[in-house]
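Student: Could you have a look at this structure, given as structure tokens, before my questions?
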Amino acid sequence: MIRHLILDWAGTLADDRALTLAATNDTLAHFGAAAVDEATYRREFTLPVERFYRRFIGDVPRAQIDAVFFDRFAARMKEAPLFDHVPALLHVCRLRGVALSLCSSVPTALLEQLLTHLHLDGFFRHIGGGAADKVPVLQRIVGASGFRPDQTLYVGDTPHDIEAAHAAGVIAGAALYGYATEDRLRAGRPDHAFADVRAIIDLIDREHLLASERRVIATVGGLLVADTGELLLVRTAKWSGRWGLPGGKIDYGEPLLDAYRRELREETGLAVEHADWLCIQDCIESPEFLEPRHFLLINYVSRVPGRPAPRKNYESVEIGWFTPAAAAVMDLNQPTRAAIELATRRGYLNAP
């Protein structure tokens, strides 16, 4: 469940793209460079800012760039509106008990002025402003928050925001409505992509419903078996640090095999085509799971050519290939142990 939402400011909460483009062009003009159009800005802007400006003005120190840019930005920043539904998002988070923080390249003093002007002061637990490089700033916010990384969602609108979220081990959310183009954001492999602020609210509400209502939750996952006969296991905090199979919740309207392939791609970085049915398991308020839940665990088996290197996501503490003999003595969660035993009896795995 998402318990901590960290948000970028410019292009995620504030609809200030016109202002930022104007301040950028003023900065370029100050250093003797030509203006850029909006398409170029959306296609190329990145953080730290010197990466973007270097092409146009050479190796000017970041401090000099920021001095000019934020002077222009501050003069007109109160003209920029919030995106639709931003106040609703903040109030929904307060109602649902989701903590809020900011991580932005805008200096903290300017953020505090904007929050006061917009009557939003008091909503944010941490304000990480002046984040020229968001990777260390986001890591500090997460470390000081008291929430696990897999309970934390960071939403931003540039590829650097996605990079920072992955570096901090938190859930990465892409604001597709902000500065960068959708293809640049999706190339960074965000865990969620939001078409608008309303979509962020929908995710918070859906997570709250699953956590607070006594409902049966259908999930899909399974055993990936390499050509070596090894199987892929992940260790997660939500299963009390035990090892288990990759998988996750099925989205509304999503066919079962589509959900299986999506979950494996998100949790392991691996693509699977063929899948054999293995079993469906009742998992009712397992003491191994951190919170009381009633899951229906739907499991498949897939052969994976070779032994490709997996990629863990925000939910995984560790991930790797293991022989059936090694898995037999690992600290597995009970549903995984039962699934492996069934797959062994059916000949998908060699007996340990």
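Only the coordinates and a few stated rules stand behind these numbers; no lab work does. None of the values given here were measured: they were computed from a predicted structure. Methodologically, a virtual Cβ is constructed for each residue, glycine included, from the backbone with ideal geometry; neighbour enumeration extends over all protein chains shown.
Student: Fully extended, how many nm does the chain gain between Arg76 and Ala88 (0.36 nm per residue separation, minus their Cα-Cα distance)?
Tutor: Stretched fully, the Arg76-Ala88 segment lengthens by 1.9 nm.
Student: Right, here's the next one. Distance in nm between label sites at Ala211 and Ala109, each 7 Å beyond Cα in the beta-carbon direction?
Tutor: Placing both labels 7 Å beyond Cα along the Cβ direction yields 3.7 nm.
Student: If you don't mind, there's one more thing I want to ask. What do you get for trypsin sites (Lys or Arg not before Pro) in the range 174-244 restricted to DSSP loop and a cutoff of at most 12 other Cβ within 10 Å of the site's Cβ?
Tutor: Counting only loop positions with at most 12 other Cβ atoms within 10 Å, the trypsin sites (Lys or Arg not before Pro) in the range 174-244 are Arg214, Arg215.
Student: With θ taken as phi - 60° and the coefficients 6.51, -1.76 and 1.60, list the Karplus ³J(HN,Hα) couplings across the range 171-187 in order, rounded to whole Hz; mark glycine and proline as x.
Tutor: Values per residue, Gly and Pro as x: 6, 9, x, 9, 8, 5, 8, x, 6, 7, 6, 4, 5, 5, 5, 5, 5 Hz.
Student: Another question about this same structure. Give the Debye-formula value of log10 I(q)/I(0) at each listed q (0.21, 0.28, 0.29 Å⁻¹), with one equal scatterer per alpha carbon of the range 17-79, two decimals each.
Tutor: With one equal scatterer per Cα and no solvent, log10 I(q)/I(0) is -0.80, -1.42, -1.49.
Student: Continuing with this model, one more query. Which of Cys93, Cys283, Cys103 ends up with the largest GNM mean-square fluctuation for the chain, with Cα atoms connected below 10 Å?
Tutor: Of the options given, Cys283 has the highest mean-square fluctuation.
Student: As I understand it, the dipole of the chain uses +1 on the Cβ of Lys and Arg and -1 on the Cβ of Asp and Glu, about the Cα centre. Which of Leu21, Pro149, Val60 lies farthest toward its positive end?
Tutor: Pro149
Student: Quick one: putting +1 on the C-beta of Lys and Arg, -1 on the C-beta of Asp and Glu, what dipole do you get for the chain around its Cα centre, in Debye to the nearest 20?
Tutor: Dipole about the Cα centre, nearest 20: 580 debye.
Student: Right, next: In 10 Å bins starting at 0, how do the alpha-carbon pair distances of the range 215-345 split up by percent?
Tutor: Distribution as computed: 13, 48, 35, 4 percent.
Student: Compute the orientation-averaged projected area for the chain from the convex hull of its Cα atoms and round it to one decimal in nm².
Tutor: Over every viewing direction, the Cα hull of the chain projects on average to 18.7 nm².
Student: Could I ask something else about it? Given the -39500 (n - 2.57) contribution per DSSP H run of 4+ residues, what per-residue ellipticity at 222 nm results for the chain, rounded to the nearest 500 deg cm²/dmol?
Tutor: Only helices count here, giving -12000 deg cm²/dmol.
Student: Let me ask you something else. Under 10 °C and 1.306 mPa s, how fast does the range 227-302 diffuse according to Stokes-Einstein, given a Kirkwood radius computed over C-alpha pairs? Answer in µm²/s, whole number.
Tutor: Taking Rh from Cα pairs, D becomes 117 µm²/s.
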